[in-house]
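A short reminder: the numbers here are calculations on the coordinates, not readings from a lab. What you are looking at is a predicted structure, and each value in this text was computed from that prediction instead of being measured. Neighbour counts are summed over all protein chains in view; Cβ atoms, including those assigned to glycine, are modelled from backbone coordinates with ideal geometry.
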Amino acid sequence: MRRPTEEGGTVTNLKRALKLVKFGSPTHPIFVHYTIALTSASLVFDALGFFLEKSSLNAAGLWTLVGSCVMTLATVSTGLTSATRAPVEEGEARSFLRAHMALGLVFYGLLVAMTLWRMSLWQDGHGVSWPYLTALAAVSFVMTAQGYLGGELVYRYGVEVEQSYRELPGRPATSPAPSLVAPQGSSALAHPEQRGEAS
Amino acid sequence: MNGTPFIGLYPFQWTGLLTATMTLVLLGDAFAGHYRSGFVSRAQYAPFVAGGLLIVAALMASVAPGAAWASTALRAAGWLAVATGVVGFAFHHYYGIARKPGGYKWLLHQLMYGAPQLAPLALALAGAFGLATARGLAGGTQFVGMEMRTALLSLVAVGIAGAVLQSAVLHYRGAFNNAAMYAPLTAPALAVVALVWAALAPGRLALASVLILLWATLLVGFVGMGMHLRGFGRQMGGLYVALFNWLEGPPAFAPALFAGFAAVGLSVVYLL
């Protein structure tokens, strides 16, 4: 059995490949990695620059944080787009989603404040300090909690993943929908075999 | 140009950019409210015309701070926004209280469920920031008879006070069902007190209080946006029914005004 999205056949030419290009996939998971990587990198660069007294590392810490602040705008906006496309019913998963949405903007506010702080240090020709590094570590902790919530939404509850992936050729599509996202038998998302409709 | 630059931009360029951003934010909520009521009056389109012009003019003045035409455009757009905001306030008062069944006898009910009384004044305030920006970019040091720094901080205090009052009424309507709904009554309200204190008796302690509380108000704005987003998630269907819940849920962008006013205040304190 093939998934409904599977048109079948090996892709052998560019024309067919282009026909298969879709922008329906969630882009939030892509941008999330920029936020996490750039913020963490900024903390590491600034901490190393502080302890090793290397100005080049501090410069890297500044620009990675600025990069994170810019990229996180895309992360937040694609996250909102994802939330509007996720038919998550009331329950545990939606509680995770709500907490993820609320914490996301709290984190962004903290990131903006940290970026302004970092840029003022740079403009005044000062290096980073213990209070700055401690604050950035605290913001990174908030980011970690936020990442955990997002990870659970995808890997535990299958938000924007379940029923979206393509089955490997020749393998029956038997994976059930997670009950917390689409309870068995109560939703059109449930697999036909679960509803007794499979041939 | 007056003041100290921050990453290449002078204080009034920052004020211009922040004015444009705040206007965009408040137009977002105004659109939700007016769309919900079905744009029954043509006057309901007015804030988008005045606000749109203010956004463009403020951006142009910030990008081309030395251009006389940009300053003139910002001055015109600022006055238009002030006039539109004041007229809007009168409309909200008349149609949101006076003309409603029960009228003033049901004042608290009208304040909670009628048109938000103070919302149009946010546009007027954005217009005032635009006028101050135009004056500052032209090298002026006085605004409405006050020193520019004092005038801008007074406008920030008025803006935060209005936002606190409006959110207090609406959060009261929501029965303060979440502890975070008290947030606008904490740091932002104290920031207003500190700003008045700093204006009347400037000193190191007053200035330090202003800085701490404005930073806290900036963060309250982001926390508020996150919590309002969570509020959509608590509505039936959450963001999956985005348009309906955007119209019926908490105002999506309103908390950002706290952050916007605080950002203007911080730019004035640090740079002007």
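When the helices in chain B are scored as -39500 (n - 2.57) per DSSP H run of 4 or longer and the sum is shared across all residues, what 222 nm value do you end up with, to the nearest 500 deg cm²/dmol?
Numbers: 10 runs with 192 residues, N = 272.
Rounded to the nearest 500, the figure is -24000 deg cm²/dmol.
What list of ³J(HN,Hα) couplings, whole Hz, do you get for the stretch A:140-145 from phi and the Karplus terms 6.51, -1.76, 1.60, once you set θ to phi - 60° and write x for glycine and proline?
Ordered by residue, 3J(HN,Hα) equals 5, 5, 4, 4, 5, 4 Hz.
Between the helical axis of B:11-36 and the dominant principal axis of chain B, each derived from Cα atoms, what acute angle in degrees is found, rounded to the nearest 10?
Taking the Cα atoms of chain B, the angle to B:11-36 is about 10 degrees.
Based on the Cα atoms of the stretch B:1-94, what semi-axes does the equivalent ellipsoid have, where each is the square root of 5 times one gyration tensor eigenvalue, given in whole Å with the largest first? Could the numbers behind the result be given before it?
Details: eigenvalues 172, 34, 21 Å².
Those come to 29, 13, 10 Å.
Can you give the net charge of the other residues whose Cβ lies under 9 Å from the Cβ of residue B:238, counting K and R as +1 and D and E as -1? Let's see the in-between values first.
On the way: positive: A:94, A:98, B:234; negative: A:90.
Surrounding charge for residue B:238 is +2.
Give me a comma-separated list of calculated 3J(HN,Hα) values for the stretch A:91-101, in order, Karplus coefficients 6.51, -1.76, 1.60 applied at θ = phi - 60°, integers in Hz, x for any Gly or Pro.
x, 4, 4, 5, 5, 4, 4, 4, 4, 5, 5
Can you put B:143, B:258, A:51, B:31 in order, fewest other beta carbons within 10 Å first? Can you show the working numbers first?
Working: B:143 21, B:258 29, A:51 10, B:31 18.
In order of increasing Cβ crowding within 10 Å: A:51, B:31, B:143, B:258.
Going toward the positive end of the dipole of the protein assembly as shown, with +1 on Lys and Arg Cβ and -1 on Asp and Glu Cβ, which of B:140, B:1, A:95 do you reach last?
The Cα lying farthest towards the positive end belongs to B:140.
In what order do A:124, B:29, A:46 fall by count of nearby beta-carbon atoms within 10 Å, going from fewest to most? The partial results should precede the final answer.
Numbers: A:124 7, B:29 20, A:46 26.
In order of increasing Cβ crowding within 10 Å: A:124, B:29, A:46.
If you take the beta carbon distance between residue B:45 and residue A:13 as r and set R0 to 60 Å, what does 1/(1 + (r/R0)^6) give as a FRET efficiency, to the nearest 0.05?
0.70
Which of these, B:226, B:102, B:159, has the largest mean-square fluctuation under a Gaussian network model of chain B (Cα springs below 10 Å)?
Looking only at B:226, B:102, B:159, the largest GNM fluctuation is found for B:102.
Pull up all non-local amide H partners of residue B:143: gap of 5 or more, or a different chain, and H-to-H distance under 5 Å with H placed in the peptide plane.
Amide H neighbours of residue B:143, under 5 Å, 5+ apart: B:148.
So what J values fall out for the stretch B:43-59 if you push phi through Karplus, 6.51 cos²θ - 1.76 cosθ + 1.60 with θ = phi - 60°, rounded to Hz, Gly and Pro as x?
Working through the residues one at a time gives 4, 5, 7, 4, x, 6, 5, 5, x, x, 5, 5, 4, 4, 5, 5, 5 Hz.
Once each part is reduced to its C-alpha centroid, what is the distance from the stretch A:99-157 to the stretch B:64-135 in angstrom?
35 Å
Counting Lys and Arg as +1 and Asp and Glu as -1, each charge on the Cβ, what is the dipole of the protein assembly as shown about the Cα centre in debye, to the nearest 20?
On the way: 27 positive and 17 negative charges, 159 e Å.
With Lys and Arg at +1 and Asp and Glu at -1, about 760 debye.
Just want the ordering: A:82, A:120, A:55, from fewest to most Cβ atoms lying within 10 Å of their own Cβ. Display every interim value, and only then the final one.
On the way: A:82 20, A:120 13, A:55 9.
Arranged by neighbour count, lowest to highest, A:82, A:120, A:55 become A:55, A:120, A:82.
When the Debye formula is applied to the Cα atoms of the protein assembly as shown, each taken as the same point scatterer, what base-10 log of I(q)/I(0) results at q = 0.08, 0.13 Å⁻¹?
Taking Cα atoms of the protein assembly as shown as identical point scatterers yields -0.57, -1.28.
Placing unit charges on C-beta atoms (Lys and Arg positive, Asp and Glu negative, everything else neutral), compute the dipole magnitude of the stretch A:28-155 about its Cα centre in debye, rounded to 20.
Using Cβ point charges on Lys, Arg, Asp and Glu, the stretch A:28-155 gives about 160 debye.
Select from B:199, B:189, B:81 the residue whose mean-square fluctuation is largest in a Gaussian network model of chain B (Cα-Cα springs shorter than 10 Å).
So, out of B:199, B:189, B:81, the one fluctuating most is B:199.
Between the DSSP loop rule and a limit of at most 15 other Cβ atoms within 10 Å, which chymotrypsin sites (Phe, Trp or Tyr not before Pro) in the stretch B:35-79 are left? Walk me through the numbers on the way to the answer.
On the way: sites: B:35, B:39, B:45, B:48, B:69, B:79; in loops: B:39.
Hits after loop and neighbour filter: B:39.
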